[in-house]
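Here the structure comes first, spelled out in structure tokens, and everything after it is commentary.
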Amino acid sequence: MFETIVIATDGSESVSRAVGVALDIADRFDATVHALYVVDSGEVESSPDAVREDLRDALDAQGREALDEVRERAAETVAIDVEGTVREGRPAAEIAAYAREVDADCVATGTRGRHGENRFLIGSVAERVVRTCPVPVLTVRQLTGEDPRRTTI
């Protein structure tokens, strides 16, 4: 059913649970896993000229760290190799384009990321991915410690 899964990560704690769920699905279906981090070009372009390149470099480094975390977790838990990619652009559009490029069967993402406090439903990027992605999107909600439905993955 799932041959290729894309994990969209921003390195936040809220994506951690989505990574676990996606890796579990990949393990069960022997799927290929791609992790994707998108440097938000709007965030970079809206920064002052004097710091724009430094910001771009910092976000690129943050993205590589986020991808390394996914790779390490995959190696520790399910022994799956993960191909990681950092791109720059509008996050939802880049995630959808990447899913098409790798012929993904599913995109997994967390529902609360860096911009989550500004959204009431599932987060602006996750919401746009759900609305625009050409393949099914698995959104995984970050559960709080007080939530009685909390599970360990």
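The values are calculated or read from the model by the stated rules, or taken from the named source; none is laboratory data. As the structure is a computational prediction, the values presented were derived from the model and not from experiment. As a convention, Cβ positions derive from the backbone with ideal geometry for all residues, glycine included, and neighbour counts pool all protein chains shown. These area figures cover heavy atoms from the full protein model, side chains too; ligands, DNA and RNA do not enter into them. Shrake-Rupley method; radii C 1.70, N 1.55, O 1.52, S 1.80 Å.
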Within the range 87-108, considering residues that are open to solvent by 30 Å² or more (accessible area, probe 1.4 Å) and hydrophobic (A, V, I, L, M, F, W, C), the one farthest from Val19 (Cα to Cα): Ala93
Whether any residue in the range 84-96 is of a type in the set (D, E, K, R) and in a helix (DSSP H, G or I) is what I want to check. yes
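So which residues in the range 1-31 are without any contact (Cβ under 8 Å) to a residue 60 or more places away in the chain, over 16 Å from Gly110 (Cα atoms) and open to solvent by 30 Å² or more (accessible area, probe 1.4 Å)?
Asp27, Arg28, Phe29, Asp30
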Determine whether Glu127 is modelled with pLDDT under 95, over 15 Å from Gly11 (Cα atoms) and open to solvent by less than 90 Å² (accessible area, probe 1.4 Å). yes
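Could we say that Asp60 is in a helix (DSSP H, G or I), on the phi < 0 side of the Ramachandran plot and surrounded by fewer than 14 Cβ atoms within 10 Å (Cβ to Cβ) here?
No, not satisfied.
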Quick one: is Asp103 on the phi > 0 side of the Ramachandran plot and of a type in the set (Asp, Glu)? yes
Mind counting the residues in the range 32-57 that are under 17 Å from the mean Cα position of the chain (by Cα) and outside any helix (DSSP H, G or I)? 9
In this structure, is Val44 at pLDDT 95 or above, open to solvent by less than 10 Å² (accessible area, probe 1.4 Å) and of a type outside the set (Gly, Ala, Ser)? no
Going residue by residue through the range 50-63, is there one that turns out to be closer than 25 Å to Pro134 by Cα and touching a Ser or Thr at 6+ places or on another chain (Cβ under 9 Å)? yes
